[in-house]
Amino acid sequence: MYRYDEFDADFVRQRVAQFRNQVERRLSGELTEDQFKPLRLMNGLYLQLHAYMLRVAIPYGTLNSRQMHKLADIATKYDRGYGHFTTRQNLQYNWPSLKDTPDILEELADVEMHAIQTSGNCIRNVTTDHFAGAAHDEIADPRVYAEIIRQWSSLHPEFTFLPRKFKIAINGARADRAAIQVHDIGLQLVERAAGGVGFAVYVGGGQGRTPMIAKKVADSIAEEDILSYLEAILRVYNRYGRRDNKYKARIKILVHETGLEELKSAIEAEWANIKDSVLKVPQSEIDRINDYFAMPSLKEDGEGASKLALTRAQDAGFSQWVSQNTFAHKVKDHVCVTISLKPVGGVPGDATDKQMHVVADLGAQYGYDELRISHEQNIILPHVAKSDLYPLYQALVTADLAEANAGLVTDIIACPGLDYCALANARSIPISQDISNRLGAIERQKDIGALKIKISGCINACGHHHVGHIGILGVDRKGEELYQITLGGSADENTSIGAILGRGFPAEEVTDAIEKVIDTYLGLRLSEDEPFIDAYRRVGPAPFKEALYPAKAA
Amino acid sequence: MRPACGQGVKWGEMMTDQSKQGAEATLYRPHAFHIDDWQILDSEAALPTNGSYFLGLERALDLLANGTLSFKLGVIVDAGEDVTLLGDYLDQIASIAVHFPAFSDGRAFSSARLLAERYAYRGEVRATGAYILDQMPMLVRCGVSAFDVQDPNVRAGLERGDWPDVTNYYQPTGNDEQLVNNPRPWLRRSVGL
């Protein structure tokens, strides 16, 4: 993985010193909260319902065991012994005190981490496929470009006060596991006709109150041109994006209101001016960054596959975990492992300090010291030899981290909701827990199959409900928390936005409604091989509406 | 003229004698506040015959296209206005004010950078309006060479010598090129002052 050199280390130290000065000015009263707000937001510090919240960047979701240990230590020392992994591959601490935040950032800097640009109207942490560098279906490793973009976008002097936040996602595999079409910019690595790799560029996707699927603006931008092309898009957005209404300020609205063709020509015109500037990325730099992301020297594990078959035959729980929580690796005798942070009835994405230490140790022991955070709020060990799976699994069982539900109905994405968030209208976590408890029996989960439930506690859609196969949106109706159900969303290479099924349900009826939707699906699927999303696309919303709103249908 | 950043000028470092300038000195350039000898011409007022005056963009464009200049011309470019409209006339403009209606409105960063880099404009680019202290180092990197300082917080910070810059730059702007004294592989630059 990428390692800081002196320059990077000094950059982060300077940033911490700058923030320490700002916090001191706030604590002494020289800065009012209004004046401090833009400054703290540039360092990932939010003021939530009950306390400050610090969002730590995990660039493109990649970290090593030393960094994971540090995250755990900070949770112990400055928080209440846990952290929350987010859909943007970050970690949030929910209870830091303001005076401690410079020290936390200092400790993070010790392990090459920071909270820069995890909030504010700037280019946020670049996200990518959690199996990057390991997945069997990869065209090129997206982390290389994510790192190049991270550096270019860090404290960019022109683009730090954009109309609104700006999220870039990169996918390097044939399957889209980075949800690129619901980002402000989505980059898909492609093989170029002329040889080498380039990027298909999508602009203007997003969720929030106006969900939109990104539009393709370029088929194949060369590697060396990626930064100048991004800079052209950002400049057009900075100059012409709406600033009169924060709900219409994302680039998706600019794309929508300007029209794709006109915007494309504005980007092209801007790009023509800067294409041959200092932003051209030299091959030597791409190679230099590539070296950081080289595959670790994987051990030979010729016997692994047969040993694995034997163990699976003897341990059904293990076998279920292997079939659900592993993913095919580039190298045959290895796999990618998903460590679920979705225990049945638990809080999606939360991990205790103790669990973080365990995962860090296991990553060091069995995972070549590489860990990832997925946008689905799980932890990934990208490289594990097949013969190491069983001891890894047993250790995970001991730490309550062996839930065999990756991609199943209890692998729910949920935002923090009204339990923490000042923006929320409704709670997300208890809804998620209730659904998880109801449907959590493993046989039932296996029967239901691949199904993504995503829950947001308000229209800002941090829980990605628009792209859930089943989405749940909490709204406030005259003081009552109501939950709308959407069906048919998806965030992969066939991205779609879910459609609202009908009127919302009060909290105590949501789980019944979800169960009805699922039972309806089970009743109409062509076979066990037709997953929920395919069945929904085949039959449309009508049978589900009839199940949930029988009086109206009659 | 553009301040000579390349010679190691640290913007926030105040020279003590000049930092004691009275409150009437509102124009900040490296090291010191200066008396601002520019005025804003009232939109209804007749064109002056001498002196230094800022005009709004529309009126300035009209004058540049149709008239002759009898005074030192400055142009106020509001956040929503297109600075590139001035592209053909830059040799006749002594100062361009890029305005912040609110600190959160970052369009002036792009306006300044376009002037500095696309047009190689060498007149004064001054920031006006509601920018905050913490934006000033980045504005300089985008090509701003002077600041109209009205906010007491900005003034207090500058008088104290605050210049909240992170001096390792991952992305050079045109202005940064002059600052390089520790070249890094490819893009990265450290001011290293």
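The values are calculated or read from the model by the stated rules, or taken from the named source; none is laboratory data. Only a predicted model underlies this, so the values are computations on that prediction, with no experimental measurement involved. Here the Cβ is made from the backbone with ideal geometry for all residues, glycine too, and neighbour counts use every protein chain on show.
A few points about this structure:
- Taking region B:27-45 as the range and being closer than 20 Å to B:Ile93 by Cβ and assigned to a loop (DSSP other than H, G, I, E, B) as the test, the residues that pass are B:Asp36, B:Asp37, B:Trp38, B:Leu41, B:Asp42, B:Ser43, B:Ala45.
- Counted residues, region B:133-148 - those being of a type in the set (A, V, I, L, M) and facing chain A (nearest Cβ under 8 Å): 2
Residue by residue, here is whether (1) crowded, with 18+ Cβ neighbours inside 10 Å; (2) closer than 17 Å to A:Leu162 by Cβ; (3) away from chain B (no Cβ under 12 Å) holds:
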position	(1), (2), (3)
A:Leu189	yes, no, yes
A:Phe199	yes, no, yes
A:Ala222	no, no, yes
A:Ile233	yes, yes, yes
A:Tyr240	yes, yes, no
A:Asp244	no, yes, no
A:Tyr247	no, yes, yes
A:Ser265	no, no, yes
A:Glu270	yes, yes, no
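- The one condition from (1) surrounded by fewer than 24 Cβ atoms within 10 Å (Cβ to Cβ); (2) farther than 29 Å from A:Asn171 by Cα; (3) of a type outside the set (S, T, N, Q) that A:Leu105 does not meet is (1).
- Only listed residue being away from chain A (no Cβ under 11 Å), small (Gly, Ala, Ser) and surrounded by fewer than 22 Cβ atoms within 10 Å (Cβ to Cβ), chosen from B:Gly80, B:Gly87: B:Gly87
- Filter pass, A:Phe19 being over 24 Å from A:Tyr420 (Cα atoms), buried (at least 16 other Cβ atoms within 10 Å of the Cβ) and in contact (Cβ under 8 Å) with a residue 60 or more places away in the chain: yes
- Region B:152-192, residues that are more than 10 Å from every other protein chain (Cβ to nearest Cβ) and either crowded, with 18+ Cβ neighbours inside 10 Å or at pLDDT 60 or above (or both): B:Pro152, B:Val154, B:Arg155, B:Leu158, B:Glu159, B:Arg160, B:Gly161, B:Trp163, B:Leu179, B:Val191
- Residue match in region A:153-166 (condition: part of a loop (DSSP other than H, G, I, E, B), within 14 Å of another protein chain (Cβ to nearest Cβ) and among the aliphatic types (A, V, I, L, M)): yes
- For region A:281-300, taking the residues that are in a loop (DSSP other than H, G, I, E, B) and facing chain B (nearest Cβ under 10 Å), the one that is surrounded by the most Cβ atoms within 10 Å (Cβ to Cβ) is identified as A:Val281.
- The set of residues in region A:168-193 being assigned to a loop (DSSP other than H, G, I, E, B), modelled with pLDDT of 95 or more and among the hydrophobic types (A, V, I, L, M, F, W, C) consists of A:Ala175, A:Ala178, A:Ala179.
So that you can scan it fast, the table gives a plain yes or no per residue for (1) surrounded by fewer than 24 Cβ atoms within 10 Å (Cβ to Cβ); (2) touching a residue at least 40 places away in the same chain (Cβ under 8 Å):
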| position | (1), (2) |
| --- | --- |
| A:Ala146 | no, yes |
| A:Lys167 | yes, yes |
| A:Val182 | no, yes |
| A:Ala194 | yes, no |
| A:Val203 | no, yes |
| A:Gly208 | yes, yes |
| A:Pro211 | yes, yes |
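- Identity of the residue in region A:180-195, of a type outside the set (Asp, Glu) and touching a helix residue (DSSP H, G or I) at 6+ places or on another chain (Cβ under 7 Å), that ends up farthest from A:Arg250 (Cα to Cα): A:Leu189
- Subset of region A:131-152 (residues that are over 20 Å from the mean Cα position of the chain (by Cα) and either within 19 Å of A:Ala222 (Cβ to Cβ) or at the interface with another protein chain (Cβ under 10 Å from one of its Cβ atoms) (or both)): A:Ile139, A:Trp152
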